[in-house]
Structures are given as C-alpha cells and as structure tokens.
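Let me begin by presenting the structure, written as structure tokens, before commenting on it.
The values are calculated or read from the model by the stated rules, or taken from the named source; none is laboratory data. Everything numeric in this text was worked out from a predicted model, so none of it was measured. When we count neighbours, we look across all protein chains shown, and the Cβ atoms used for this are built from the backbone with ideal geometry, even at glycine.
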C-alpha cells in the first residue's frame, strides 16, 4: 500500500526526505542498534497453551491478519521507510513522470515482500512445533546481533559520508 502511494505519486515527500537524509539515517541507525540490543537481551516469550486450541485457530489467524494489516498501515515508520527507499531510487520511482517505471518498482516491492513472507511463514509453519525456549533464545540473539550490525553499518556509512564531505569542503 505504502509502496504504491509513494512510488506512484508522492515524490515530493521523497525529495523533502532527501534533505533530511543524514538525520533520518542517524536516527534509523541508532534505532536499529537499540532494537537489536533489546532483542538480543530480551528473554524468549513462549506461546500461551490456550492459543493452540483448534477452535480458536481460524479466528486467531483472521485476527492476526487484520491486526497485522492495521498495524502496518497506521505505522508512520513504514511510510518513511518506503518514501526513503523510493527517494534513493531517484527517477526510477517516478520522479521524471514515468508511470511505467514507478509501477515496475511497486510491483517489484510487492512481489519481493510477498515472496519473503511466503517463504518465512512456510518455514515457520514447518518447524514451529520444534522451536522451544532454547531455539527462541538463539533466534533472538541472532536477530538482535544482525540488527546491531545493520545499525552500525548505517552509522558508519553516515560518518564516512560526513567525513568525506568535510574533506571535500577544505
């Protein structure tokens, strides 16, 4: 939804965000590090035994789908992410008035997202009964570590960009 909105018409927001790209990158990198640290150190949350009842499976799946969609649509970070992503694409995101290019990018984002979630949910569906507290702890630690690494990479990128910008101004 946000990919379509951003890619197909709100390129003025993308150009606005380009002006604040460094601030957004610093805040985003710091947030990734913080979320990664919290994920790494947080104890695993085990499922509630009542959630495994067959009668509740259909309603819990529907509720999960609706709540996930509502959470995603109302999350301003999602809009900022897609706007930033399309700002990085420049003219490919429709900045030059090319509706076909923008539609192609949106289709790629939708297809990639759908493929990722299909693979992820299939994998979890196959192995969810084998995931115990030890596996959850390992997953939390691995995910947290990756988030911290990505956050550090963003901050290092910003530092290098500012350093070289300073050198070129001398």
Open item on the list: So, residue 146, is that one modelled with pLDDT of 75 or more and part of a helix (DSSP H, G or I) or not?
Closed with: yes
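For residues in region 159-170 being surrounded by 12 or more Cβ atoms within 10 Å (Cβ to Cβ) and either at pLDDT below 90 or more than 16 Å from residue 28 (Cβ to Cβ) (or both), which is farthest from the chain's Cα centre (by Cα)?
162
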Open item on the list: Show me the helices (runs of 4 or more DSSP H) entirely contained within region 35-129 in which 2 or more residues are surrounded by 10 or more Cβ atoms within 10 Å (Cβ to Cβ), modelled with pLDDT under 70 and out of contact with any helix residue (DSSP H, G or I) (no Cβ under 7 Å at 6 or more places or on another chain).
Closed with: 54-73, 76-89
Open item on the list: Quick check on my filter: what residues within region 130-143 are surrounded by 11 or more Cβ atoms within 10 Å (Cβ to Cβ) and in a helix (DSSP H, G or I)?
Closed with: 133, 135, 136, 137, 138, 139, 140, 141, 142, 143
Task: Every residue from region 13-28 that is out of contact with any helix residue (DSSP H, G or I) (no Cβ under 7 Å at 6 or more places or on another chain), part of a helix (DSSP H, G or I) and at pLDDT 70 or above - done: 19, 21, 23, 27
